[in-house]
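Below is one structure; the comments refer to it alone.
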Amino acid sequence: AQSVTQPDIHITVSEGASLELRCNYSYGATPYLFWYVQSPGQGLQLLLKYFSGDTLVQGIKGFEAEFKRSQSSFNLRKPSVHWSDAAEYFCAVGDDYSGYALNFGKGTSLLVTP
Amino acid sequence: DVKVTQSSRYLVKRTGEKVFLECVQDMDHENMFWYRQDPGLGLRLIYFSYDVKMKEKGDIPEGYSVSREKKERFSLILESASTNQTSMYLCASRGTGTEQYFGPGTRLTVT
């Protein structure tokens, strides 16, 4: 069965420090991979996506993610975190064969300290 | 830009009431989705629709139904609201690509 795991429920980083949010997936087919961000009281906004090709993808707001097939991972990174990055982050997976829906992880809540 | 709107940001209903949550998208997308979001559980798919009058159950359809009479509008219906349906409800749409576009959400409280 398809599954997405975000091992960290909460992460706290200092402003200006680097960030890495983990995402692991279990999928039979070649997956499409997404990271979404949700600010408090808001809907989800797409940060970046991976379909194929270059395994390092760049997104909005200075985020990037790297697809590692051997580790079934798609970790999100940012070299220097800003206070406005405090939010909930969701990893999601889909493919050509699972119909039309995405499978979401349970989310990682990011707190940024001064 | 794709715009997905939801009829209410906040809604308070009583147990047993029939509740309608409306979602409208302006990009002529074929696919529309309803999720509920609960702390620690992430997003769970309730129903989705891939065309007008077509619908498919998601992971947690019990207690819900949907209606899609027009391409741009996808409604979620709680036939008889219960307190365990208190949640954040998110609507999304998707066109020919795989990216889903989300509305701002409706926070429903059932008392």
Criterion (within 14 Å of another protein chain (Cβ to nearest Cβ) and either modelled with pLDDT under 90 or out of contact with any His (no Cβ under 7 Å at 6 or more places or on another chain) (or both)) met by exactly one of A:76, A:102 = A:102
Scope segment A:28-56; condition under 16 Å from residue B:101 (Cβ atoms), more than 8 Å from chain B (Cβ to nearest Cβ) and under 11 Å from the mean Cα position of the chain (by Cα); matching residues | A:35, A:37, A:47, A:48
When only residues in segment A:18-38 that are part of a loop (DSSP other than H, G, I, E, B) and open to solvent by less than 40 Å² (accessible area, probe 1.4 Å) count, which is nearest to residue A:89 (Cα to Cα)?
-> A:23
If you scan segment B:69-111, which residues turn out to be under 11 Å from the mean Cα position of the chain (by Cα), open to solvent by less than 10 Å² (accessible area, probe 1.4 Å) and within 14 Å of another protein chain (Cβ to nearest Cβ)?
-> B:74, B:89, B:90, B:91, B:92, B:93, B:103, B:105, B:106
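Condition check: under 18 Å from residue B:100 (Cα atoms), modelled with pLDDT of 95 or more and in contact with a Gly (Cβ under 7 Å, 6 or more places away or on another chain). Does residue A:89 satisfy that? Step through it out loud before you land on a result.
Working: under 18 Å from residue B:100 (Cα atoms): yes; modelled with pLDDT of 95 or more: yes; in contact with a Gly (Cβ under 7 Å, 6 or more places away or on another chain): yes.
Here the answer is yes, as residue A:89 does meet what is asked.
The values are calculated or read from the model by the stated rules, or taken from the named source; none is laboratory data. Note that the structure is predicted; figures quoted are calculated from it, not measured. A quick note on method: Cβ atoms are made from the backbone with ideal geometry, for glycine too, and the neighbour counts reach across all protein chains shown. In case anyone asks, the SASA skips ligands and DNA or RNA and just uses the protein heavy atoms, side chains included. Shrake-Rupley method; radii C 1.70, N 1.55, O 1.52, S 1.80 Å.
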